[in-house]
Amino acid sequence: MTRLTGVVLACAALGPVARPMGAQQPAAAPPLRLLRSHQISTGHPGSPHIESALALDPRDPKHMIAAAMAGRPGGKLGAYVYATFDGGVHWVASVIRPQDSSLVIGGDPIVHITRDGVALFGLGSRVDGKPATVISRSPDGGRSWASPVAVGYRDRPYMAFDTTDNSLRGTIYLGGQFGPLVLSHSTDGARSFSFPQLISRDLGGSDPLMPIRGVLTDLIVTPAGVLVMPFISNPDMRDSVPRAQDSVSVLQFRTLVSDDGGQSFLGMREGPQMHSVKGFRGQQTVGAPRATVDQTRGAHRGRIFLVWSDWDAGRNVNVIRLGWSDDLGKSWKTSVVNDDSSGRDPGNPAVAVSRDGVVGVIWNDRRDDPNNQCWRLYAAVSTDGGATFKPNVKLSDAPTCTNAPGNWVLSAWYQYDYWSVPDQPRPGFGLTAMVPTRFPNGGDTQGLAADAAGVFHAAWINGATGSLQLWYTAFAVDSGLLATVRTENAQHATGTATAAVPAGAVDLTQELTFEVSAPTIDFAHGTLEVVMRVVNPTARVVKGPIEVRVDRLLSESDNAMGLANFKVANADNGQDGIGASWTWSLAPGGTLAPKGKTPPRVLRFRFTGGIPREPQGYFQPAFRIFGH
């Protein structure tokens with residue numbers, strides 16, 4: 001159990017319309033809509049679940065893996081894993097062989113699905129009596145798990161994947177902490193990992209002797225392939241400044257950055273501070289701060305986000321705070337996510353970014369409980385890169401109360417008392433009700449991910465049945481709000497106003513790219529041709545047909561080298577200017593695989609007058625790309 005300054009951070013284990021005077025104003029459409037919500041852990045109703053995780057298959061949004069810690073038979077803390085193959089409608093509990101007990105007993109579960117669709121599950125456990133972090137691959141998408149590989153132990157592990165096209169493509173990073181930060185990597189799909197690297201000094205900074213000690217808050221690989229390790233620690237990592245004995249703990253976010261896969265790190269970068277009140281109230285609000293990065297091609301591509309529960313001393317309330325950085329942690333700005341004025345405590349937030357660049361945050365919120373103990377799941381979204389958030393939306397009605405009889409499951413262990421009289425140790429035992437005493441926040445993590453269609457998926461802890469259970473909830477951004485976001489994204493990508501998305505289509509302008517070749521010009525016939533393939537650089541399957549539409553043809557500076565009367569000649573829809581389009585049907589199968597390319601097509605343009613007398617400028621058209 002990692003403690004810093006007395007705070008437990010990780011466990012062991014649209015404007016109004018004018019109306020006549022007196023007329024009632026219509027309620028604004030909520031920014032989010034709940035799609036579905038139901039229990040995952042139906043097979044273990046008597047085992048209180050805590051500390052959830054969720055992974056989404058980048059190739060198939062109907063395939064997800066969820067996990068949570070739970071009380072296991074015999075009073076031991078362990079984990080359960082679940083998989084769905086129909087978009088969260090039905091979940092099956094994973095089967096783990098008895099001989100792989102290290103995958104059953106332990107804490108801090110993590111689940112991931114690689115860009116190739118391989119499901120991974122890991123947790124902090126013990127192997128041959130020694131602490132270890134174990135990672136298992138699933139041969140069947142999460143229904144069962146192979147014998148795990150044991151890696152050097154690290155508390156509160158996280159994983160990240162390099163999906164770029166650079167030399168580190170396919171690298172899997174496994175981080176955590178054990179005093180200093182710990183980092184391993186895999187280049188064979190998590191079949192094996194490198195020997196743990198201890199990051200204990202700021203070797204790339206101005207003071208190479210500065211110690212590095214803290215709690216990793218997540219692991220990130222940016223769209224450029226840069227490894228980012230945000231962590232939280234005492235403001236003075238040398239412990240040379242006495243800690244203030246007041247009612248609020250102060251911690252400091254810092255960031256380590258590596259552009260060579262973790263072989264070396266640039267100088268440590270300081271970020272915002274985190275504040276937490278001490279005592280039980282701090283225990284029920286705090287959670288492990290979480291981080292993510294904007295992987296889209298929108299205005300905030302590469303922006304790093306941090307989210308945490310923070311004590312706002314100016315208002316004397318706890319808030320959910322979001323921090324963001326556009327320069328890999330050199331500078332930060334922050335905003336407040338929750339809009340509650342009751343003074344009751346939120347906690348345990350999670351953050352994700354959709355393919356449209358919408359920032360989504362979920363958290364446990366107690367605004368509906370006068371006693372400030374029981375929570376409901378709340379969510380909020382930002383369409384401006386985290387600077388502001390839309391009104392909060394409640395996603396659950398039943399209260400979740402950790403201090404309920406169904407959650408008083410006792411755990412016991414044998415130990416020696418070394419601290420009372422160090423030279424006269426005495427045998428004894430420890431016993432606690434882990435959920436209401438250690439996890440009144442429902443655990444230190446929650447699972448949140450966004451799929452290719454922009455739907456957010458959450459795996460969270462719900463107490464509606466009287467015992468903390470793992471639940472699945474899906475929600476989406478309001479369609480009108482989303483249409484506005486996509487139009488703004490398209491304008492950012494092309495620098496010009498654009499038409500609406502065709503009915504039934506999905507705007508993929510910021511995701512797909514082109515490969516062009518064989519440009520030719522024929523002055524005798526007045527034609528210019530280029531061969532184009534549409535390329536899918538993402539890790540997901542794109543559904544066709546794919547339409548490429550001209551969004552900008554000519555401009556004052558990009559005037560086709562001075563060729564006269566320049567127009568589109570062979571568009572499938574017959575148009576010859578902006579709006580002209582070509583369509584790839586993608587038969588058979590109707591899909592474009594990850595890293596796949598469409599068959600080539602010739603884009604033909606026509607002009608008159610032969611060779612221009614004063615050739616100047618370029619031909620630099622812009623397009624929008626639509627899938628289905």
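Give the residues of region 211-226 that are part of a strand (DSSP E or B) and under 22 Å from the mean Cα position of the chain (by Cα), sorted by residue number. Write out each step before concluding.
At the first step, the residues of region 211-226 found to be part of a strand (DSSP E or B) are 211, 215-216, 220-221.
Residues satisfying the conditions are Val215, Leu216, Ile220, Val221.
Scan region 551-567 for residues that are in contact with a strand residue (DSSP E or B) (Cβ under 6 Å, 6 or more places away or on another chain) and surrounded by 19 or more Cβ atoms within 10 Å (Cβ to Cβ) and report the count. Please lay out each step first, then the result.
As a first pass, look at region 551-567 and keep what is in contact with a strand residue (DSSP E or B) (Cβ under 6 Å, 6 or more places away or on another chain): 551-552, 560, 563-567.
Cutting the leftovers down to surrounded by 19 or more Cβ atoms within 10 Å (Cβ to Cβ) gives us 551, 560, 563, 566.
The total comes to 4.
Can we say Thr473 is of a type in the set (Ser, Thr, Tyr), in contact with a helix residue (DSSP H, G or I) (Cβ under 7 Å, 6 or more places away or on another chain) and buried (at least 17 other Cβ atoms within 10 Å of the Cβ)? First the steps, then the outcome.
Details: of a type in the set (Ser, Thr, Tyr): yes; in contact with a helix residue (DSSP H, G or I) (Cβ under 7 Å, 6 or more places away or on another chain): no; buried (at least 17 other Cβ atoms within 10 Å of the Cβ): yes.
It is false that Thr473 is of a type in the set (Ser, Thr, Tyr), in contact with a helix residue (DSSP H, G or I) (Cβ under 7 Å, 6 or more places away or on another chain) and buried (at least 17 other Cβ atoms within 10 Å of the Cβ).
Could you tell me whether Phe566 is over 26 Å from Ala483 (Cα atoms), touching a helix residue (DSSP H, G or I) at 6+ places or on another chain (Cβ under 8 Å) and among the hydrophobic types (A, V, I, L, M, F, W, C)? Criteria met by Phe566. In region 293-314, the residues that are among the acidic types (Asp, Glu) never reach a residue that is modelled with pLDDT under 85 with C-beta atoms less than 7 angstrom apart, at least six apart or across chains. Among the residues of this structure, Gln415 does not count as one that is in a loop (DSSP other than H, G, I, E, B), modelled with pLDDT under 95 and over 30 Å from Val359 (Cα atoms).
This table checks each residue for (1) of a type in the set (Gly, Ala, Ser); (2) under 30 Å from Leu481 (Cβ atoms).
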residue	(1), (2)
Arg355	no, yes
Val359	no, yes
Asp365	no, yes
Asp368	no, yes
Asn371	no, no
Asn403	no, no
Gly406	yes, no
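The requirement of being in a strand (DSSP E or B), closer than 25 Å to His63 by Cβ and modelled with pLDDT under 90 is fulfilled nowhere in region 566-588; no residue meets it. One residue stands out among those in region 290-316 that are buried (at least 18 other Cβ atoms within 10 Å of the Cβ) and hydrophobic (A, V, I, L, M, F, W, C): the one that is nearest to Asp340 (Cα to Cα), which is Trp311. The number of residues in region 515-525 being part of a strand (DSSP E or B) and either more than 23 Å from Thr608 (Cα to Cα) or small (Gly, Ala, Ser) (or both) comes to 4.
Results for (1) farther than 30 Å from Thr487 by Cβ; (2) in contact with an Asp or Glu (Cβ under 9 Å, 6 or more places away or on another chain); (3) β-branched (Val, Ile, Thr), shown as yes or no for each residue.
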{"site": "Ser249", "(1), (2), (3)": "yes, no, no"}
{"site": "Gly262", "(1), (2), (3)": "yes, no, no"}
{"site": "Phe265", "(1), (2), (3)": "yes, yes, no"}
{"site": "Ala288", "(1), (2), (3)": "yes, yes, no"}
{"site": "Asp310", "(1), (2), (3)": "yes, no, no"}
{"site": "Ile320", "(1), (2), (3)": "no, yes, yes"}
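Of all residues in region 171-197, those that are under 15 Å from Gly124 (Cα atoms) have Cβ atoms under 6 Å from Cβ atoms of residues that are of a type in the set (Gly, Ala, Ser) and part of a loop (DSSP other than H, G, I, E, B), 6 or more apart or on another chain, in Leu183/Gly262; Ser184/Ser194.
Which residue, of Gly267, Gly287, Gly323, Gly282, is touching a Ser or Thr at 6+ places or on another chain (Cβ under 8 Å) and surrounded by fewer than 18 Cβ atoms within 10 Å (Cβ to Cβ)? Full working, then the answer.
Values: Gly287 fails: surrounded by fewer than 18 Cβ atoms within 10 Å (Cβ to Cβ); Gly323 fails: surrounded by fewer than 18 Cβ atoms within 10 Å (Cβ to Cβ); Gly282 fails: surrounded by fewer than 18 Cβ atoms within 10 Å (Cβ to Cβ).
Just one listed residue meets the conditions, Gly267.
Any chance region 526-548 includes a residue that's farther than 30 Å from Thr114 by Cβ and either of a type in the set (Ser, Thr, Tyr) or outside any strand (DSSP E or B) (or both)? Scanning region 526-548 turns up at least one residue that is farther than 30 Å from Thr114 by Cβ and either of a type in the set (Ser, Thr, Tyr) or outside any strand (DSSP E or B) (or both). In the set Pro391, Pro427, Pro422, only one residue is in a strand (DSSP E or B) and either of a type outside the set (A, V, I, L, M, F, W, C) or over 26 Å from the mean Cα position of the chain (by Cα) (or both); that residue is Pro427.
The residue that is farthest from Gly170 (Cα to Cα), among those in region 13-72 that are at pLDDT 85 or above and over 28 Å from the mean Cα position of the chain (by Cα), is Gly46. The set of residues in region 202-229 being within 13 Å of Leu266 (Cβ to Cβ) and small (Gly, Ala, Ser) consists of Gly204, Gly205, Ser206. Can you tell me which of Thr133, Thr84 is farther than 25 Å from His38 by Cβ and either buried (at least 22 other Cβ atoms within 10 Å of the Cβ) or at pLDDT 95 or above (or both)? Only one candidate passes the filter, namely Thr133.
Between Arg355, Arg366, which is among the charged types (D, E, K, R), crowded, with 19+ Cβ neighbours inside 10 Å and modelled with pLDDT of 95 or more? Full working, then the answer.
Working: Arg355 fails: modelled with pLDDT of 95 or more.
Result of the check over Arg355, Arg366: Arg366.
Look through Ala453, Ala474 and report the one residue that is in a strand (DSSP E or B) and under 16 Å from the mean Cα position of the chain (by Cα). Going through Ala453, Ala474 in turn, just one is in a strand (DSSP E or B) and under 16 Å from the mean Cα position of the chain (by Cα): Ala474. Consider region 332-351 and keep the residues that are among the small types (Gly, Ala, Ser) and surrounded by 17 or more Cβ atoms within 10 Å (Cβ to Cβ). The one that is nearest to Gln446 (Cα to Cα) is Ala350. Among the conditions (1) modelled with pLDDT of 90 or more; (2) buried (at least 16 other Cβ atoms within 10 Å of the Cβ); (3) farther than 24 Å from Leu563 by Cα, the only one that Val535 does not satisfy is (2).
The values are calculated or read from the model by the stated rules, or taken from the named source; none is laboratory data. None of the values given here were measured: they were computed from a predicted structure. Don't worry about glycine lacking a Cβ; one is built from the backbone with ideal geometry, like all the others, and counts go over all protein chains shown.
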